[in-house]
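Undergrad: Handing you this structure, nothing more for now.
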Amino acid sequence: MPSQTETIGVAEGVPALPQIEVRIPVDIRLPEKFDVIPSDAERGASVNDLTAFRLRHELSHLGLLQGFDELLCLPTLHNVEAYWYQTEAVRKVLKQFRGRVLLADEVGLGKTVEAGMALKEYLLRGMARRVLILTPATLVGQWEEEMRTKFEVEFATSYDPQLRRDAAAFWAQPRVIASIATARRAEHFALLAVQNYDLVIVDEAHHLKNRQTQNWKLVNALHKRFLLLLSATPVQNSLIELYNLLTLLKPGIFKTEKEFRQSYMTTGKPRVPANRERMRDLMRDVMIRNTRSLVDVRLPPRQAVTVRLDPEAGEAEAYAELNRLMQETYAHETAPRRLALRHLLSSAGSTPATAAHAITRFAARSKAAGNSRGWRDLAARYEALAQSGPTIKEKALLELLGRNPEEKKIVFVHHRETLERLSHLLEKDAMPFVRFEGAMNGPEKDEAIARFQRDAPLMLSTESGGEGRNLQFCNTLVNFDLPWNPMAIEQRIGRIHRIGQTREVFIFNLVVRGTLEEQVLRVLDEKINMFELVVGEIGQILGEMDDEGEFAETIFKAWVETTEVERDNAFTQLGERMAQAKQQYDSVKQLDEELFGDEFVAG
């Protein structure tokens with residue numbers, strides 16, 4: 001069911017608060033000189049010869065066994081809770097699977113962390129230098145952020161302007177995260193095919209299911225020593241997809257496609273294995289799959305409440321004028337300026353103070369174009385709204401925070417200016433709180449978390465709030481404003497609805513009627529029941545849509561490129577696409593659960 005639309009009281013009774021685990025970083029540096037075994041291409045070897053392939057991996061395996069029981073990466077991780085099943089999976093990747101494996105953990109169990117740990121281990125041991133990570137377009141930014149903040153590994157991404165300026169130089173960089181939709185284009189495919197990689201990671205690897213697609217051909221063409229394929233649902237429609245995937249990892253494991261069909265597939269039933277146990281025994285040599293039941297992960301229920309608010313007259317008029325100005329200038333703007341327009345609209349969905357700041361900056365940059373007057377007038381209008389007192393949304397927040405004041409609550413905001421505005425309002429209301437934001441250094445963040453746990457009932461946080469930290473002592477979250485990327489919303493939820501949480505979790509969404517944020521929430525809540533999904537599933541659903549661009553860009557265009565009359569229909573169509581993608585994902589998830597079962601354990 002979609003989330004409720006009326007506010008409710010939060011549960012009473014706070015259990016004894018757990019102690020915060022403070023990790024002391026160990027000074028383990030990446031080696032200056034990497035002892036990298038030459039790739040096949042560098043030695044002129046052919047990757048098609050199965051015997052040679054096995055001999056080379058037997059040889060490299062001798063170098064992997066020594067010392068992998070002790071993972072060097074563990075003390076270097078930042079704000080990562082590496083659970084026992086994840087460290088065990090990484091050890092298996094390194095020792096048993098020799099760096100070529102399908103990581104097929106159930107959604108939400110942390111395949112990205114496992115891949116990041118394996119990557120960091122190879123880097124620390126000097127066994128890898130050049131790394132390529134391929135993901136759906138919607139996940140590029142998330143991967144870059146996680147590799148940088150959790151593992152301290154910097155990557156260039158396919159969103160970098162350098163890719164357009166000098167593609168050859170871009171792909172020659174030692175570490176790259178790229179949209180597979182970008183990488184497979186002919187002009188980039190040719191450049192990638194001549195690179196030599198020590199490690200290639202492919203997220204949502206079920207997009208390699210068909211050997212006739214450019215996705216599969218690209219990964220097959222890459223010169224790579226280690227290969228990690230990540231997919232919670234490796235089989236989508238037919239077992240032949242599994243053959244195609246595993247052939248990339250271990251050529252010849254199922255012999256030829258003809259023999260695979262004869263030995264493992266039921267005639268006329270492409271999703272039904274002819275010999276389930278025999279196939280699963282063989283797959284234990286190439287796949288790791290953890291499930292919630294296998295690793296005993298249980299999460300309490302969560303309840304989402306959406307508070308829809310009618311805007312006051314001045315707010316509605318300012319928002320309408322913003323839309324008029326955007327549609328007047330959008331078609332004539334450059335790509336960077338359109339991105340700035342996105343920021344303006346997002347700011348207007350937060351607070352007038354935030355909108356005034358963003359519009360003032362935009363107007364200053366519009367001066368040369370001769371159209372700054374309208375923007376300056378609009379900035380003044382929003383500034384007047386900010387000075388006139390709390391808005392309807394700000395009043396709703398203060399009322400909500402005043403309920404059950406002893407309950408700890410996290411309020412998430414998308415913009416730093418909103419953080420400043422709400423801090424001022426809370427101080428004026430004499431409501432104790434702590435701030436948490438990306439600009440704080442490590443000790444400052446640790447102190448903020450400790451104060452929140454110890455004596456502050458409220459934490460006001462930007463998107464970076466508490467990434468990887470123990471926040472399970474809090475079970476109430478307020479989305480003051482909503483990022484347009486549903487995975488960012490999901491990440492917020494995952495801060496408190498995670499392993500270690502023992503109480504029911506409550507999520508409050510504040511949204512003003514008539515805004516883009518209301519449309520986004522309608523699509524996510526009514527069409528795919530987002531707030532009931534397991535953390536991690538929204539990425540799977542977006543992956544089924546196979547869009548090349550960001551979801552935020554998709555919804556921005558649905559808003560700004562339509563009239564007010566057309567807008568509802570545009571978002572309804574987007575919602576239907578998402579609903580179909582969710583149905584496809586649910587079907588595939590059921591198939592993979594039946595195929596692999598809960599008891600699957602790597603050999």
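Derivation of every value follows stated rules applied to the coordinates shown; laboratory data play no part. Computed from a prediction, not measured in an experiment: that's the story for all the values here. Positions of Cβ are backbone-derived with ideal geometry, glycine not excepted, and every protein chain shown enters the neighbour counts.
Undergrad: Pull out the extension gain between GLU576 and ARG361, defined as 0.36 nm times the separation in residues minus the alpha carbon to alpha carbon distance; nm, one decimal.
TA: That pair, GLU576 and ARG361, stretches by 73.7 nm at full extension.
Undergrad: Counting other beta carbons within 10 Å of each residue's own, what order do ASP568, ASP285 fall into, fewest first?
TA: ASP568, ASP285
Undergrad: Another question about this same structure. ASP455 to ASP377: extension gain in nm, 0.36 nm per residue of separation minus the Cα-Cα distance?
TA: 23.7 nm
Undergrad: Which entries in LYS92/LYS589; LYS217/LYS258; LYS393/LYS428; LYS120/LYS209; LYS95/LYS224 show an alpha-carbon gap greater than 23 Å?
TA: LYS92/LYS589; LYS120/LYS209, as the Cα separations exceed 23 Å there.
Undergrad: For segment 318-328, just list the computed ³J(HN,Hα) in residue order, Karplus coefficients 6.51, -1.76 and 1.60, θ = phi - 60°, integers in Hz, with x standing in for Gly and Pro.
TA: Rounded to whole hertz, the list is 5, 5, 5, 5, 4, 5, 5, 5, 5, 5, 6.
Undergrad: Would you kindly derive the ³J(HN,Hα) couplings of segment 452-458 from the backbone phi angles with the Karplus curve 6.51 cos²θ - 1.76 cosθ + 1.60 (θ = phi - 60°), listing them in order in whole Hz, with x for Gly and Pro?
TA: 4, 6, 7, 8, 9, x, 9
Undergrad: So how far apart, in nm, are the two label points at ASP446 and ASP586 if each is 7 Å from Cα heading toward Cβ?
TA: For the pair ASP446/ASP586, the computed spacing is 4.6 nm.
Undergrad: With a ≥ b ≥ c the root eigenvalues of the C-alpha gyration tensor of segment 494-592, is it rounded (a/c under 1.5), prolate (a/b larger than b/c) or oblate?
TA: Cα axes put segment 494-592 in the oblate bin.
Undergrad: Right, next: Do any GluC sites (Glu not before Pro) in segment 352-427 lie in a loop, going by DSSP, with at most 12 other beta-carbon atoms within 10 Å of their beta carbon, and if so which?
TA: Those that pass, being in a loop and sparsely packed, are GLU406.
Undergrad: Given H placed on each backbone N at 1.01 Å, which residues far from ARG302 in sequence or on other chains put an amide H within less than 5 Å of it?
TA: When sequence neighbours closer than 5 places are left aside, the close amide H contacts are VAL505.
Undergrad: On to the next question. What does the extension gain come out to for ALA316 and ASN529, with contour length at 0.36 nm per residue minus their alpha carbon separation?
TA: Stretched out fully, the ALA316 to ASN529 stretch lengthens by 73.9 nm.
Undergrad: Sticking with this structure for a sec: Tell me which residues come under 5 Å, amide H to amide H, from ASN509 once H is placed; ignore anything under 5 positions away on its chain.
TA: VAL305, THR306, VAL307, ASN479
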